[in-house]
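Below is one structure, written out as structure tokens, with a few remarks after it.
The values are calculated or read from the model by the stated rules, or taken from the named source; none is laboratory data. Just so you know, these numbers come straight off a predicted model, no measurement behind them. Cβ placement follows ideal geometry from the backbone for every residue including glycine, while neighbour counts extend to all protein chains displayed.
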Ligand code: NAP
Ligand code: F7E
């Protein structure tokens, strides 16, 4: 049976894609998800967990495949979550990052125009706090807003800034319904293990269970505005239900250091002297770092009626408890 609303989600196998497809399914959408690669290692597990999603084979770097995906889905909402999203990796593979994270958005917007569906489609672009970068001169005291100055500090941040502006340009030039969500870090039990919060929650669970001795880390000083991914996909959806498209920051309005995350995570398993479990490796350092991110979600709270529910201690607890369960059940 075909539902009333139809959504196409790129990056559906990623953290946000999984939360979003669950949310859309609960709201009665027919959900289509882009899957890439000849044999994507995530496909089998994804199909088992989300049998309601229609997977469409396509790649953000392949315009022909995107046009076919837009036509096949006949979507009225398109969420562009697909990206090379790891900041550290983007320094090692800057050209691939530009091709996927920057030009991929252009390819998708052009596919929508070529399909003749530009007037019917509402488009969400996954913009990021990494576009602000976080140098002293552009940092407002009460947090970055939709109007703050951008100064990206990584190939990822630069690629996302192009994506952000080309999305806005298609809104202004062609009158398309294009919304951008400038999202600050959001985490949870579905976060990839390559990101710092999940690396910590998983390692703490493993240390507690005697499966691991140390966590090998880069700098513990940077501060981030960390929220829960489940709360943030609700904000994405709300952006596409507005009368007019726009740009909205989603953030918690609080900032905490990597060290604070580690401290709370260890507390969750009854360990206070966490420093003895940390080892340093410069492999995890970046050529340029974003020292402090703090968002101001006032516009989203006022216009979208959105507010994060999970707070920082709640997020750390949720992630460590999830990983304790997962690691207890696995032999490795
Ligand atoms: P993620 O877990 O890293 O997922 C990225 C997704 O992009 C994966 O599904 C991946 O598919 C897909 N992808 C990579 N290369 C692709 C390509 N060439 N063609 C099509 N798809 C491709 O990211 P996330 O945390 O869910 O974030 C979702 C989006 O929000 C991303 O655009 C990210 O940059 C942005 N964002 C995230 C945060 C955050 O804190 N999480 C904050 C602000 C903005 P495979 O499974 O095939 O690898
Ligand atoms: O790093 C430091 C690292 O990789 C957070 C992406 O979703 O959010 C994310 O980008 C901080 C950085 O996230 C390790 O140097 C120390 O200061 O978890 P992360 P990120 O770079 O903030 C933004 C909003 C996005 O848009 C991105 O897509 O932690 N750090 N030691 C480490 N980071 C990692 N990954 N691993 C370490 O061992």
Margin query: Anything in region 91-104 that is more than 7 Å from ligand 1 (Cβ to nearest atom) and closer than 28 Å to residue 122 by Cβ? List them, or say none.
Written below: 97, 98, 99, 102, 103
Next item on the list: Those residues that are within 16 Å of ligand 1 (Cβ to nearest atom) and in contact with a strand residue (DSSP E or B) (Cβ under 8 Å, 6 or more places away or on another chain), I need them from region 119-131; list them, please.
Entry: 123, 124, 125, 126, 127, 128, 129, 131
Next item on the list: Would you point out the residue of region 183-206, among those that are surrounded by 20 or more Cβ atoms within 10 Å (Cβ to Cβ) and away from ligand 1 (no atom under 14 Å from the Cβ), that is nearest to residue 267 (Cα to Cα)?
Entry: 204
Checklist line | region 45-67, residues that are part of a helix (DSSP H, G or I) and surrounded by 16 or more Cβ atoms within 10 Å (Cβ to Cβ) | finding: 46, 63, 65, 66, 67
Check: When residue 116 is evaluated against the numbered criteria (1) surrounded by fewer than 19 Cβ atoms within 10 Å (Cβ to Cβ); (2) touching a strand residue (DSSP E or B) at 6+ places or on another chain (Cβ under 9 Å); (3) at positive phi, which criterion, by number, is the only one it fails?
Finding: (2)
Notebook entry, point to check: What number of residues within region 147-157 are within 15 Å of ligand 2 (Cβ to nearest atom) and in a loop (DSSP other than H, G, I, E, B)?
Noted result: 6
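In this structure, is residue 180 within 21 Å of the chain's Cα centre (by Cα), surrounded by 20 or more Cβ atoms within 10 Å (Cβ to Cβ), in contact (Cβ under 8 Å) with a residue 24 or more places away in the chain and in a strand (DSSP E or B)? Show your work before the answer.
Working: within 21 Å of the chain's Cα centre (by Cα): yes; surrounded by 20 or more Cβ atoms within 10 Å (Cβ to Cβ): yes; in contact (Cβ under 8 Å) with a residue 24 or more places away in the chain: yes; in a strand (DSSP E or B): yes.
Yes; evaluated as a whole, the condition is true for this residue.
So, residue 92, is that one modelled with pLDDT under 95 and surrounded by fewer than 19 Cβ atoms within 10 Å (Cβ to Cβ) or not?
On the way: modelled with pLDDT under 95: no; surrounded by fewer than 19 Cβ atoms within 10 Å (Cβ to Cβ): yes.
When the stated conditions are applied, residue 92 does not pass them.
Among the residues of region 22-37 satisfying the criterion of being more than 11 Å from ligand 1 (Cβ to nearest atom) and either at pLDDT below 95 or within 20 Å of the chain's Cα centre (by Cα) (or both), which is surrounded by the most Cβ atoms within 10 Å (Cβ to Cβ)?
Start the filter on region 22-37 by keeping residues that are more than 11 Å from ligand 1 (Cβ to nearest atom), which leaves 22-32.
Applying the additional criterion that residues be either at pLDDT below 95 or within 20 Å of the chain's Cα centre (by Cα) (or both) yields 22-25, 31-32.
Details: 22: 18, 23: 17, 24: 25, 25: 17, 31: 28, 32: 24.
Here the residue is 31.
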Item checked: Residue list for region 111-132, restricted to those being in contact with a helix residue (DSSP H, G or I) (Cβ under 6 Å, 6 or more places away or on another chain) and part of a loop (DSSP other than H, G, I, E, B) -> 115, 118, 121
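Does any residue of region 68-82 turn out to be more than 16 Å from ligand 2 (Cβ to nearest atom), within 19 Å of the chain's Cα centre (by Cα) and not in a helix (DSSP H, G or I)? Talk me through it step by step, then tell me what you get.
If we filter region 68-82 for residues that are more than 16 Å from ligand 2 (Cβ to nearest atom), which is where we start, we get 68-78.
Restricting the remaining residues to those that are within 19 Å of the chain's Cα centre (by Cα) gives 77-78.
Right, trim to not in a helix (DSSP H, G or I) and you get 77-78.
Yes; the residues of region 68-82 include at least one that is more than 16 Å from ligand 2 (Cβ to nearest atom), within 19 Å of the chain's Cα centre (by Cα) and not in a helix (DSSP H, G or I).
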Notebook entry, point to check: Of all residues in region 133-146, how many are out of contact with any strand residue (DSSP E or B) (no Cβ under 9 Å at 6 or more places or on another chain), part of a loop (DSSP other than H, G, I, E, B) and surrounded by fewer than 18 Cβ atoms within 10 Å (Cβ to Cβ)?
Noted result: 4
Check: Can you find a residue in region 278-291 that is more than 10 Å from ligand 2 (Cβ to nearest atom) and either at pLDDT below 95 or part of a helix (DSSP H, G or I) (or both)?
Finding: yes
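Tell me the residue from 216, 233 that is modelled with pLDDT of 95 or more, surrounded by 22 or more Cβ atoms within 10 Å (Cβ to Cβ) and either away from ligand 1 (no atom under 16 Å from the Cβ) or at negative phi (or both), please. If you could, list the steps in order and put the result at the bottom.
Details: 216 fails: surrounded by 22 or more Cβ atoms within 10 Å (Cβ to Cβ).
The unique qualifying residue is 233.
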Notebook entry, point to check: Within region 170-183, can you find the residues that are within 26 Å of residue 93 (Cβ to Cβ) and more than 10 Å from ligand 2 (Cβ to nearest atom)?
Noted result: 180, 181
Item checked: Scope region 184-201; condition assigned to a loop (DSSP other than H, G, I, E, B), near ligand 2 (Cβ under 9 Å from one of its atoms) and more than 18 Å from residue 289 (Cα to Cα); matching residues -> 191, 192
